[in-house]
Amino acid sequence: MTRPKTAIVLFNLGGPDSLAAVGPFLRNLFTDPAILRVPFFIRPWLARRIARARVAPATENYQRLGGRSPLLDLTEQQARALEAALPELEARCFIAMRYWHPFSLEAAAAVKAWDPDEVVLLPLYPQYSTTTTGSSLDAWREAAVQVGLVKPVTTLCCYHGDPGFIAATAALVRAHHDQARAALPAEVPLRVLFSAHGLPEIIIRGGDPYQFQVESTVAAVVQAMELPALDHVVCYQSRATPQQWIEPATDAEVARAAADGVALLVVPIAFVSEHVETLVELDVEYAELAHRLGVPGYFRVPTQNADPGFIAALSDLVWRARAGGSGLCSFAGGTTCPAPFGACPHVRGGAAFAPAAPGEDGNAAALAA
């Protein structure tokens, strides 16, 4: 029996592969209308200005990581593990990064050359946002048209509450919770900070379902951990513009933990690969803040990377998405977002993935790489 020839396109933000690439990476990031929501004629000038202001601290962060982002290497590991988890398919994973190589155009050309029977678009963003999955899907559609790629396509928009993803995440958090608890004196309380990348409030008010989906993920993970009365907080990191961002902020929660005399276990709940925001922001900057303020213990749960449970969840998601045929689906089939979240691609009719109409500076801190 012939195995279906299935191209799986993994979406992620990407990251600079050298210190020389930091500036161009930042310019690509801030030129994206899903990120910098200003009139189009202002965006190139403003993007260059913001990138210039950020290139020095960003370069310093990547120097700490050996001069490059680890994100592509980790995504390659996820890709190969996912291929191995789908032996019933002739599956090949292609990587489409949003702001640095390999871009969607490179991935689309590679998919066309391979000539699959079908294409599955699988974002490595568990929670949908116009600034991440939405932007990546826009770039993919443009690239597919440009290279003339015409194949049946199934698009998975989110898996924030997928049982397999929740179980794998809960197992990881529970194991590290137990380790942290064992390392602490019995009298020291332990609080779990589920930290996700933040967004300006205006994007959420515009109907973006990201915060709703992040908080849904946390609720499901906490339930699956089966630890009664678990002290936990959902918080948001990486604020980078003067406007109001969703709260509470992760650094504010670190300060509150110090005041409360509780140790912290930090969980990067919206990232599935290690990158600058986990390896530098969480592991260096917030760890130093916790130490300086006197937090009695600071621990961090690693991202999923190629964790077998996570890869098994992705494999199951691919099978279920394919079973529904071409088109748009969530982990549950249809929409999982309440009606007020008008930027959900299902609520918008399943066809329009573009970000909301430009108005104000949007998620200008999406520096995940």
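Once the Cα atoms of helix 163-183 and of the chain are each reduced to a long axis, what angle between those two axes, in degrees from 0 to 90 to the nearest 10, is obtained?
20 degrees
Under the rule a/c < 1.5 gives rounded, and otherwise a/b versus b/c splits prolate from oblate, where does the stretch 166-300 land using the Cα gyration tensor?
oblate
Within 10 Å of each residue's Cβ, count the other Cβ atoms and sort Glu201, Glu281, Glu83, Glu88 from fewest upward.
Starting with the residue having the fewest Cβ neighbours, the order is Glu88, Glu201, Glu83, Glu281.
Quick one: 3J(HN,Hα) in Hz for the stretch 322-330, Karplus 6.51/-1.76/1.60 with θ = phi - 60°, rounded, Gly and Pro as x.
The phi angles translate into 4, 4, x, x, 5, x, 9, 8, 9 Hz.
How would the stretch 37-182 be classified by its alpha-carbon gyration tensor: rounded, prolate or oblate, with rounded meaning a/c under 1.5 and the a/b versus b/c comparison settling the rest?
Oblate.
Please list, in chain and number order, the residues 5+ apart from Gln237 or on another chain whose amide H is under 5 Å from its amide H, with Hs placed from the backbone.
When sequence neighbours closer than 5 places are left aside, the close amide H contacts are Ala196, His197, Gly198, Thr250.
Projected onto the charge dipole of the stretch 166-300 (+1 at Lys/Arg Cβ, -1 at Asp/Glu Cβ, origin at the Cα centre), which of Phe299, Val222, Trp245 gives the Cα projection farthest towards the positive end?
Of Phe299, Val222, Trp245, it is Val222.
Between Ala249, Ala20, Ala85, where does the largest GNM mean-square fluctuation fall for the chain, given springs only between Cα atoms within less than 10 Å?
Judging by the Gaussian network model, the answer is Ala20.
On a 0 to 90° scale, report how tilted helix 71-84 is relative to the longest principal axis of the chain, with both axes built from alpha carbons and the result rounded to the nearest 10.
The helix 71-84 is inclined about 60 degrees to the chain.
Can you tell me the orientation of helix 250-260 relative to the chain, as the angle in degrees between its alpha-carbon axis and the longest Cα principal axis, to the nearest 10?
So the inclination is approximately 20 degrees.
Name the long-range amide H neighbours of Leu328: under 5 Å, sequence gap of 5 or more, or other chain; modelled H, no Pro or chain starts.
Under 5 Å from the amide H of Leu328: Thr155.
Of Arg320, Arg256, Arg300, which has the largest mean-square fluctuation in a 10 Å C-alpha GNM of the chain?
In the Gaussian network model the winner is Arg256.
Around Arg191, which amide H atoms from residues at least 5 apart in sequence, or from another chain, sit under 5 Å from its own amide H, with H modelled in the peptide plane?
Ala263, Leu264, Leu265
With unit charges on the beta carbons (Lys and Arg positive, Asp and Glu negative) and the dipole taken about the Cα centre of the chain, which residue among Leu149, Ala21, Tyr125 sits farthest to the positive side?
Checking the options against the dipole of the chain, the answer is Leu149.
Quote the relative contact order of the chain in percent (integer), defining contacts as alpha-carbon pairs under 8 Å separated by 6+ residues.
It comes to 26 percent, rounded to a whole number.
Which of Trp100, Trp319, Trp140 ends up with the largest GNM mean-square fluctuation for the chain, with Cα atoms connected below 10 Å?
Highest fluctuation among the options: Trp319.
Per residue, how big is the convex hull around the C-alpha atoms of the chain? Give it to me in cubic angstrom, could you?
Spread over its residues, the Cα hull of the chain gives 135 Å³ apiece.
Quick note: the coordinates plus some simple rules give every number you see, no bench work behind them. Quick caveat, the model's predicted, so the values are computed rather than measured. FYI the Cβ positions are ideal-geometry reconstructions off the backbone, even for glycines, and counts take in every protein chain you see.
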